[in-house]
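This report refers to the structure that appears directly beneath it.
The values are calculated or read from the model by the stated rules, or taken from the named source; none is laboratory data. Just so you know, these numbers come straight off a predicted model, no measurement behind them. Quick reminder, even Gly has a Cβ in these numbers, built from the backbone with ideal geometry, and neighbours come from all protein chains shown.
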Amino acid sequence: MSGLNSDQNRAPIYDMARRYVEENTVRFHMPGHKGRLYGDDAADLAQDMWQMDITELPDTDDLHMPQGAIMEAQRLMAEAYGADRSFLMVNGSTGGIYAMMLAACKPGDSIVVARNCHKSVINGLILAGLNPIYIWPPMLQDWHITGQIRPEQVGEALEQHPEAVAVLITSPDYYGLCADVAGIAGVCHQRGVPLLVDEAHGAHFAFHESLPPSAGHCGADIWVNSMHKTLPALTQTAVLHVRSRMVDTDRVMAGLQMAQTTSPSYILMASMDMARRYMANEGRGDLGNLLGYIADLSQWLCGMGGVRMMDESIKGRSGVTFKDPTRLCLDISGLGIGGVAAEELLRVEGVQAEMADLYNVVFITTVMDNAKDFAVLKEALIRLAASGRNAKEVYHPPVMTLPHPVQTLSPRQAALGAAERVPLEDAAGRIAAQPIGLYPPGIPAVCPGEFIDRDTIEVLLEASARVGRVFNMGEDKMVAVVREKAYE
Ligand SMILES: Cc1ncc(COP(=O)(O)O)c(C=O)c1O
């Protein structure tokens, strides 16, 4: 058989990953360990990975019914994060978001959802069969991005929808912007509903007092952290925390079982355990060093001109209450260059941004980034500025504002019912069957069950022409819509 098809000698994913190792040029990109081993135990895990890839045996415990090492690791995790209970997860924050929605709500319930959410929240609505009451964060016009949900908005939504059983917000967002989580928790608790927080990007907050307060510290009932994004842990690792009298932990555990494999990787679980130990012991010092590099970069950029770094001065505007200083958001449009083009140019210089929008490039920095990385970033920015200044035209991108589409069917009805694909151009007046939006940051412009209107089509077509990455829209510009008459 193998002789018949010589292509079977290839292992394309392995080959591609091998190339990354050999070229070894990527800096700043996720995962948070940045491909670096931070101590003897990380080196051991890497070396003995094949042998440590064990499974549920009488003495190795069971993630879904922990009584031994996993239970102890979860206890230590809860202690580090100030939670009553913490649950290790191997399916990223995505699985945790599903689990918290399944735990806090029953099919057919209504939930207030901040619309600056990741697509996993929309998928959670579909899986759990919930009716969303969306609230939209105000725009931060001068950065061309959304700010954060305000407590008053949550209060109004709960006033108008007393049937809502929970509130779900995303804080921080991809740009490191945090909401007034304590204020929002207060509003929720006054009305007797739990606050669920997607804190995927804030796993490091608990380890340094100069970082924004963690969702748990602010009174969230359930919150999830992607460990792999901002801590030295392997991809897919995440934790769900509970501290609440309103949440039934048995339901959380049942939700986690539904959202996750029955064969969780012990390598992933060990990497979370190790990252927690590392951060609890060394994290504060290392984060202090990182904040020093960032302060130095910020000062250096003032002298360079043309690049604006988002900083603490954004606090207090458009619902933003804290800004994660480790998330570098650089508006490079002053160089006469767009964010997406800048991302490509920086990559050639060995610096990989995590995300670019039309105006900004965003970098995830962690305790694994060092002085050399920041020196390389400065060099790359100098070269970027040189290429920008040579540009014939100064780049003046218009502000892109997302419309607020009207919900007509529940996300579940729309996403799991009969659908067909049509060109986006012809989709006006149809109901979306899948979330469609920009990736990154993965925020949907239109959600399943919502009417697709002309404004939304214009924004998505423009985004696809300029940014090129619109999720759930193929190269052929086709999107999934509910089949007409399917729900009459
Ligand atoms: C805000 C937000 N929430 C949740 C997720 C999903 O996290 P994970 O990749 O750990 O499943 C992401 C991923 O990018 C995200 O940006």
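Cβ-Cβ contacts under 6 Å between residues 6 or more apart (or on different chains), taken from a first residue in the stretch 339-352 that is more than 15 Å from ALA386 (Cα to Cα) and modelled with pLDDT of 90 or more to a second residue that is hydrophobic (A, V, I, L, M, F, W, C) and surrounded by fewer than 17 Cβ atoms within 10 Å (Cβ to Cβ), are listed as GLN352/VAL26.
The conditions of being more than 30 Å from THR365 (Cβ to Cβ), assigned by TED's automatic domain parsing to the domain that holds ALA238 and at pLDDT 95 or above are not met by GLN74.
Matching residues to (1) within 16 Å of the ligand (Cβ to nearest atom); (2) hydrophobic (A, V, I, L, M, F, W, C):
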position: ASP40; (1), (2): no, no
position: MET52; (1), (2): no, yes
position: PRO58; (1), (2): no, no
position: PHE87; (1), (2): yes, yes
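Taking each residue of the stretch 212-237 that is without any contact (Cβ under 8 Å) to a residue 24 or more places away in the chain and within 13 Å of ASP198 (Cα to Cα) and looking for partners that are aliphatic (A, V, I, L, M) and surrounded by 24 or more Cβ atoms within 10 Å (Cβ to Cβ) with beta-carbon atoms closer than 8 Å, six or more apart or interchain, yields nothing. From GLY147, GLY186, which residue is away from the ligand (no atom under 16 Å from the Cβ) and surrounded by fewer than 24 Cβ atoms within 10 Å (Cβ to Cβ)? Selected residue: GLY186, the only one of GLY147, GLY186 that is away from the ligand (no atom under 16 Å from the Cβ) and surrounded by fewer than 24 Cβ atoms within 10 Å (Cβ to Cβ). In the stretch 42-60, the residues that are under 16 Å from MET71 (Cα atoms) form Cβ pairs under 8 Å with partners that are part of a helix (DSSP H, G or I), at six or more places apart or across chains, as follows: THR55/TYR266; THR60/ALA69; THR60/TYR266.
Among the listed residues ALA80, ALA46, ALA69, identify the single one that is more than 24 Å from the chain's Cα centre (by Cα) and closer than 23 Å to THR365 by Cβ. Can you show your working first?
Details: ALA80 fails: more than 24 Å from the chain's Cα centre (by Cα); ALA69 fails: closer than 23 Å to THR365 by Cβ.
Answer to the selection: ALA46.
Here are ALA215, ALA203: which of them is touching a strand residue (DSSP E or B) at 6+ places or on another chain (Cβ under 8 Å), buried (at least 19 other Cβ atoms within 10 Å of the Cβ), farther than 17 Å from LEU76 by Cβ and in the same structural domain as VAL90 (by TED's automatic domain parsing)? Can you show your working first?
Working: ALA203 fails: farther than 17 Å from LEU76 by Cβ.
The match here is ALA215.
Residues in the stretch 430-472 that are modelled with pLDDT of 90 or more, in contact with a strand residue (DSSP E or B) (Cβ under 7 Å, 6 or more places away or on another chain) and surrounded by fewer than 23 Cβ atoms within 10 Å (Cβ to Cβ): ARG430, PHE451, ASN472.
Being without any contact (Cβ under 8 Å) to a residue 24 or more places away in the chain and either within 21 Å of ALA179 (Cα to Cα) or crowded, with 20+ Cβ neighbours inside 10 Å (or both) is a description that applies to LYS315. Scanning the stretch 129-168 for residues that are touching a helix residue (DSSP H, G or I) at 6+ places or on another chain (Cβ under 6 Å) and within 21 Å of PRO212 (Cα to Cα) yields a total of 3. Of the residues SER226, SER171, the single one that is within 10 Å of the ligand (Cβ to nearest atom) and in contact with a Cys (Cβ under 9 Å, 6 or more places away or on another chain) is SER171.
Quick check: anything in the stretch 1-10 of a type in the set (A, V, I, L, M, F, W, C), in a loop (DSSP other than H, G, I, E, B), within 16 Å of the ligand (Cβ to nearest atom) and not assigned by TED's automatic domain parsing to the domain that holds SER265? Reasoning before the result, please.
Filtering the stretch 1-10 for residues of a type in the set (A, V, I, L, M, F, W, C) gives 1, 4.
From what is left, the residues that are in a loop (DSSP other than H, G, I, E, B) are 1, 4.
Still in the list and also within 16 Å of the ligand (Cβ to nearest atom): none.
So far as the stretch 1-10 goes, no, none of its residues is of a type in the set (A, V, I, L, M, F, W, C), in a loop (DSSP other than H, G, I, E, B), within 16 Å of the ligand (Cβ to nearest atom) and not assigned by TED's automatic domain parsing to the domain that holds SER265.
With respect to the conditions (1) in contact with a strand residue (DSSP E or B) (Cβ under 7 Å, 6 or more places away or on another chain); (2) more than 16 Å from the ligand (Cβ to nearest atom), GLY96 falls short on a single one, namely (2).
Looking only at residues that are among the hydroxyl-bearing types (Ser, Thr, Tyr) and more than 16 Å from the ligand (Cβ to nearest atom) in the stretch 236-261, which one is surrounded by the most Cβ atoms within 10 Å (Cβ to Cβ)?
The initial filter retains those residues of the stretch 236-261 that are among the hydroxyl-bearing types (Ser, Thr, Tyr), namely 237, 244, 249, 261.
Next, only the ones that are more than 16 Å from the ligand (Cβ to nearest atom) stay: 244, 249.
Details: SER244: 22, THR249: 14.
Looking at residues that are among the hydroxyl-bearing types (Ser, Thr, Tyr) and more than 16 Å from the ligand (Cβ to nearest atom), I get SER244.
Of the helices (runs of 4 or more DSSP H) lying entirely inside the stretch 51-161, those containing at least 1 residues that are under 18 Å from THR261 (Cα atoms) are 69-81, 92-104, 119-128. If you go through the stretch 89-128 and keep only what is surrounded by fewer than 24 Cβ atoms within 10 Å (Cβ to Cβ), over 17 Å from the mean Cα position of the chain (by Cα) and under 26 Å from MET269 (Cα atoms), you end up with LEU102, LEU127.
In this entry, ALA233 passes the filter for residues that are within 16 Å of the ligand (Cβ to nearest atom) and more than 30 Å from MET139 (Cβ to Cβ).
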